[in-house]
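Novice: I am attaching a structure below and will ask some questions about it afterwards.
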Amino acid sequence: MNLEEYRGIWVYLEARDGQIAPVSLELLGAGRQMADKRGVPLAGLLIGDGVEELAKTAFPYGADQVYVYDQRIFADYRTESYMRAVIECVEKHKPEIILYGATTTGKDLASAVATDLQTGLTADTTMLDVNAETGLLEASRPAFGGNIMATILCKKHRPQMATVRPKVMRALEADQTRTGEVIKESIKLAEEDIRTKVLKIVRETREKVRLDEADVIVAGGKGLGSKEGFQLIHRFAESIGATVGASRDAVEAGWVDHAHQVGQTGVTVTPKIYFAIGISGAIQHLVGMRNSGLIIAINKDPNALIFQACHHGIVGDAFEIVPLLMKAFQKEPDREVTYG
């Protein structure tokens, strides 16, 4: 493989319900920084049916070009059809880096493409950078149970690939004056060439925990001692109109459902205010909430790692401190809270 032939950074633009998925726009922000550092173009890759108009969405967020496969065969996501489009486009235009959102679709597609192209893929990346001289993608993620951060390199193969969770990166502020080039692509692919058939799509409606959309989150950890102790988190959250979050330890102990888990193996969140109560501060949890506007930690252990990541820390017993906070909020329910 001649690595010098590969140039440019791509972001897979996931089309969902007639829009570009927010995580794709976030990755354009990260991609723009790396493309500028390397002095190469940033391109989007968009696949679907009736999606050509969506390509223009990418330009205000940093894209220079968008490669578009707009064909009926791509009306529904199927690994085989989408993978063949990505592989054909890669072999034709040879990007050095491709970024995917770590959604159900993005993770499935990225792993299939990496396998077929026999290249490297770093999953659930939390930090991205690129070496300006060598073009090596520096993709970092927690390893060994969240005890260390590992930076993974793909030195001998291209394209280098990574998946990134929603809310980990920040989208650029949209510049509506930016324009770019839409490059129409097509692939000779018939329905009979695809082994998988979509018979019916059933959308299940149920109440969901929207942690990723919450402005205020009250999260509890193993320091609360028991499932009964964790009820303090529910009471505090209800009293201030917040959403309940939890560490992995609390979820694995069965104190709260997995839908409430914040962190590398849970949900990445960016609330205005994040209360971390009885949470030690393992790396895998920190990567899921470190971009919060204001982080307030309560823990009995003065040496807890969470105190290195918070804006305000209170050393003490949560069962004494939280009731005092609840009383204070009840006294001044309409007082505006500001944070820096």
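The values are calculated or read from the model by the stated rules, or taken from the named source; none is laboratory data. The structure presented is a predicted model; accordingly, all values stated were derived computationally and were not measured. All Cβ positions, glycine included, derive from the backbone under ideal geometry; neighbour counts span all protein chains shown. These accessible areas exclude ligands, DNA and RNA; they are computed on the full protein's heavy atoms, side chains included. Shrake-Rupley method; radii C 1.70, N 1.55, O 1.52, S 1.80 Å.
Novice: Being surrounded by fewer than 18 Cβ atoms within 10 Å (Cβ to Cβ) and among the β-branched types (Val, Ile, Thr) is the filter here; which residues of the stretch 166-181 pass it?
Specialist: Within the stretch 166-181, 177, 179 meet the criteria.
Novice: Answer yes or no as to whether residue 269 is β-branched (Val, Ile, Thr), surrounded by fewer than 22 Cβ atoms within 10 Å (Cβ to Cβ), modelled with pLDDT of 90 or more and in contact with a Lys or Arg (Cβ under 7 Å, 6 or more places away or on another chain).
Specialist: Working: β-branched (Val, Ile, Thr): yes; surrounded by fewer than 22 Cβ atoms within 10 Å (Cβ to Cβ): no; modelled with pLDDT of 90 or more: yes; in contact with a Lys or Arg (Cβ under 7 Å, 6 or more places away or on another chain): yes.
No; evaluated as a whole, the condition is false for this residue.
Novice: State yes or no: is residue 18 modelled with pLDDT under 95, in contact with a Leu (Cβ under 9 Å, 6 or more places away or on another chain) and of a type outside the set (S, T, N, Q)?
Specialist: Spelling it out, residue 18 is indeed modelled with pLDDT under 95, in contact with a Leu (Cβ under 9 Å, 6 or more places away or on another chain) and of a type outside the set (S, T, N, Q).
Novice: Collect the residues in the stretch 182-191 that are of a type in the set (A, V, I, L, M, F, W, C), in a loop (DSSP other than H, G, I, E, B) and open to solvent by 30 Å² or more (accessible area, probe 1.4 Å), keeping them in residue-number order. Give the steps one after another, and end with the answer.
Specialist: The initial filter retains those residues of the stretch 182-191 that are of a type in the set (A, V, I, L, M, F, W, C), namely 182-183, 187, 189-190.
Filter once more, so that each one left must be in a loop (DSSP other than H, G, I, E, B): 187, 189-190.
Passing the criteria: only 190.
Novice: If you don't mind, there's one more thing I want to ask. Would it be correct to say that residue 69 is closer than 23 Å to residue 6 by Cα and of a type outside the set (A, V, I, L, M, F, W, C)? Break it down into steps so the answer makes sense when it comes.
Specialist: On the way: closer than 23 Å to residue 6 by Cα: yes; of a type outside the set (A, V, I, L, M, F, W, C): yes.
So residue 69 fits the description; yes.
Novice: Against the condition crowded, with 22+ Cβ neighbours inside 10 Å and either touching a strand residue (DSSP E or B) at 6+ places or on another chain (Cβ under 8 Å) or not polar (S, T, N, Q) (or both), how does residue 201 come out, does it pass?
Specialist: Working: crowded, with 22+ Cβ neighbours inside 10 Å: no; either touching a strand residue (DSSP E or B) at 6+ places or on another chain (Cβ under 8 Å) or not polar (S, T, N, Q) (or both): yes.
When the stated conditions are applied, residue 201 does not pass them.
Novice: With the requirement that a residue be farther than 19 Å from residue 160 by Cβ and either surrounded by fewer than 21 Cβ atoms within 10 Å (Cβ to Cβ) or among the charged types (D, E, K, R) (or both), what does the stretch 74-87 give you?
Specialist: Step one: filter the stretch 74-87 for residues farther than 19 Å from residue 160 by Cβ, giving 74-82, 84-85.
Passing the criteria: 75, 76, 77, 78, 79, 80, 84.
Novice: Take the residues of the stretch 134-165 that are over 17 Å from residue 44 (Cα atoms) and under 15 Å from the mean Cα position of the chain (by Cα): which is surrounded by the fewest Cβ atoms within 10 Å (Cβ to Cβ)?
Specialist: The residue in question is 140.
Novice: Another question, then. What is the one condition in (1) more than 30 Å from residue 121 (Cα to Cα); (2) in contact (Cβ under 8 Å) with a residue 12 or more places away in the chain that residue 200 does not satisfy?
Specialist: Of (1) more than 30 Å from residue 121 (Cα to Cα); (2) in contact (Cβ under 8 Å) with a residue 12 or more places away in the chain, only one is false for residue 200: (2).
Novice: Assigned to a helix (DSSP H, G or I) and crowded, with 20+ Cβ neighbours inside 10 Å, is that true of residue 109? If you could, list the steps in order and put the result at the bottom.
Specialist: On the way: assigned to a helix (DSSP H, G or I): yes; crowded, with 20+ Cβ neighbours inside 10 Å: yes.
Judged against the criteria, residue 109 is a match.
Novice: Considering only the stretch 84-143, state which residues are closer than 22 Å to residue 263 by Cα and of a type in the set (A, V, I, L, M).
Specialist: 99, 102, 110, 121, 123, 127, 128, 139, 143
Novice: Only one of 63, 58 is assigned to a helix (DSSP H, G or I), crowded, with 22+ Cβ neighbours inside 10 Å and in contact (Cβ under 8 Å) with a residue 60 or more places away in the chain; which? Before you say what the answer is, go through the steps one by one.
Specialist: On the way: 63 fails: assigned to a helix (DSSP H, G or I).
Criteria check complete, one pass: 58.
Novice: Out of the stretch 294-316, which residues are in contact with an Asp or Glu (Cβ under 9 Å, 6 or more places away or on another chain) and surrounded by fewer than 22 Cβ atoms within 10 Å (Cβ to Cβ)? Let's see the steps before the verdict.
Specialist: The initial filter retains those residues of the stretch 294-316 that are in contact with an Asp or Glu (Cβ under 9 Å, 6 or more places away or on another chain), namely 298, 300, 307, 315.
Once the filter is applied, which keeps residues that are in contact with an Asp or Glu (Cβ under 9 Å, 6 or more places away or on another chain) and surrounded by fewer than 22 Cβ atoms within 10 Å (Cβ to Cβ), the stretch 294-316 yields 300, 307, 315.
Novice: Might you check whether a residue that is under 14 Å from residue 223 (Cβ atoms), β-branched (Val, Ile, Thr) and touching a Lys or Arg at 6+ places or on another chain (Cβ under 8 Å) occurs anywhere in the stretch 301-316? Working first, answer last.
Specialist: Keep residues of the stretch 301-316 that are under 14 Å from residue 223 (Cβ atoms), which gives 301-307, 313-316.
In the following step, the residues that additionally are β-branched (Val, Ile, Thr) were identified as 306, 314-315.
Retained after the next criterion (residues that are touching a Lys or Arg at 6+ places or on another chain (Cβ under 8 Å)): 315.
Yes, the stretch 301-316 has at least one match.
Novice: Also: Could you run through the stretch 1-40 and say how many residues are in contact with a Gly (Cβ under 8 Å, 6 or more places away or on another chain), farther than 13 Å from residue 136 by Cα and not in a helix (DSSP H, G or I)?
Specialist: Residues in the stretch 1-40 being in contact with a Gly (Cβ under 8 Å, 6 or more places away or on another chain), farther than 13 Å from residue 136 by Cα and not in a helix (DSSP H, G or I): 8 in total.
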